[in-house]
Amino acid sequence: MSGRRLDVQLERLGQLIERVAHANSFQRERLLHASIETREQLRSLPLTLRSELLTDQTSQPPFGTNISYQLERYTRVHVTSGTVGDQLRVPQTDEDWLHTRAQFALVLHHAGIGSGDRVALPFAFGPYLQFWAAVAGVEEIGALPIPLGGLGARERLITMAQLETTAVICTPSYAIVLTEEAQRSGLEAAFESVHTVICQGEPGASIAAARGRIETAWGARVLDHAGSTEVGVFTYPCAAGGGLHVNEDDFICEVVDPRTDAETAPGDQGEMVLTALLRTGYPLIRFRSGDIVEVGGACPAGHEHIWLPRGIVGRTDDLVVVNGMNIFPSAVEAILREVGVLGGYRIRRPDRTSQAAAAILHPSDSDEITVLVEMTEPARVSRIQDLARDRLGLSINVVAVMPGTLRDTRPKTRRLQPAQRSGA
Ligand SMILES: [Zn+2]
């Protein structure tokens, strides 16, 4: 990182600390006397864990104590994904929301989407930030948002065709659902005017084989982006090199070993720790994101911000440790897409490894994993097993299930299924 960018980041961090250190009782203890002039001093600040925020919220409902202003000043609230009892409520002020809006506009800008584009939003507008941020970003750049909540795949495709949609924002798995429905119903015309698909919520768009399948079926470019309710939209796509860049104007990104919290060596996988420099209403400083990434060198276009050529590789809570190896669902997905399986999948493993920390602490775990795969050609099972053995050194059970049985309507499709609950 250039010294100048770090200087700007630390200056913004200083301004953030000045605004919230006294007013926000959650931050007061953490930031008291904090003077952050170097990266080392930044690392002396405590990490912020989602579990701490949740405990704080539970003890002081409804929002906890990570609040910098009078409640009247907050104009939005979104929740993090999870079960209802486990959702973190993240309120935002108008000012915070303007930054989120600009962050999504940056995603669209880097995807070549602008004024004159007609952007389909084929999802139910749930309580998570990403849906609303997408609309706000489309509005910010002066394009036309086409909200398609509350409709089935067929109705969405018909509307997309009628309005000559030029871009679509959805999860990669939903892009595949639309592909299958278009083929089944003869509605491929819906894709003719689409030049770009922006994916979110899952790693698929940064997996070359998965991206390739969607690009071929749609005749459109597929780009990735990632954000979270907690901190906002912290990445934008690299159209030249694929994968993602971290928006380092708005965020400080550290990558740490989730076991030791030590900064990882360049090129090693680690967990992103994010500091949202511009959010003051619900500030997050050194927030453990749970997102596993691998930092690349310079991207082909020479963009200066941190490049993540493989996007978000996985989540710490989706990590499976088998025979001492770390396996992320995205590695399994890459194999499925390569052999031409487009349907959904679930990785089933014993429930006792459901927490990443527990999994990492028990590297001798040798339970075999089972992958449920939606497919109609069981002949591909042995090919999938061969590739898993060659690529991942992993012996897996593959169970073919009927297409459609693994669909999930939540924004981030869960790829892991504890064995205990699988029969329910
Ligand atoms: Zn780039």
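Scanning the stretch 218-266 for residues that are away from the ligand (no atom under 16 Å from the Cβ), surrounded by fewer than 17 Cβ atoms within 10 Å (Cβ to Cβ) and of a type outside the set (Lys, Arg) yields Gly219, Asp257, Thr260, Asp261, Ala262, Glu263, Ala265, Pro266. When we screen Gly343, Gly423 for residues that are modelled with pLDDT under 85, part of a loop (DSSP other than H, G, I, E, B) and either surrounded by fewer than 18 Cβ atoms within 10 Å (Cβ to Cβ) or on the phi > 0 side of the Ramachandran plot (or both), the only hit is Gly423. Every condition in (1) surrounded by fewer than 22 Cβ atoms within 10 Å (Cβ to Cβ); (2) away from the ligand (no atom under 16 Å from the Cβ) is met by Ile306 except one, and the failing one is (2).
The residue that is modelled with the lowest pLDDT, counting only those in the stretch 358-405 that are farther than 21 Å from Glu180 by Cα and surrounded by fewer than 12 Cβ atoms within 10 Å (Cβ to Cβ), is Ser364.
Of the residues that make up the stretch 49-61, is at least one assigned to a helix (DSSP H, G or I) and under 27 Å from His305 (Cα atoms)? Yes, the conditions are met somewhere in the stretch 49-61. Residues that are buried (at least 23 other Cβ atoms within 10 Å of the Cβ), at pLDDT 95 or above, under 25 Å from Ser51 (Cβ atoms) and among the polar types (S, T, N, Q) do occur in the stretch 269-276. Could we say that Pro145 is touching a Leu at 6+ places or on another chain (Cβ under 7 Å) and crowded, with 17+ Cβ neighbours inside 10 Å here? Judged against the criteria, Pro145 is a match. A search for C-beta distances below 8 Å between a residue of the stretch 122-134 that is over 18 Å from Arg156 (Cα atoms) and any residue that is part of a helix (DSSP H, G or I), counting only pairs 6+ apart in sequence or on different chains, returns Leu129/Thr100; Ala133/Thr100; Ala133/Arg101; Ala133/Gln103; Ala133/Phe104.
Scanning the stretch 283-293 for residues that are within 16 Å of the ligand (Cβ to nearest atom) and modelled with pLDDT under 95 turns up at least one hit. Restricting attention to the stretch 43-75, the residues being touching a residue at least 24 places away in the same chain (Cβ under 8 Å), over 21 Å from the mean Cα position of the chain (by Cα) and surrounded by 13 or more Cβ atoms within 10 Å (Cβ to Cβ) number 13.
The values are calculated or read from the model by the stated rules, or taken from the named source; none is laboratory data. Please read these numbers as outputs of a predicted model, since none were measured by experiment. Reconstructed Cβ throughout: ideal geometry from the backbone, glycine too, with neighbour counts over all protein chains shown.
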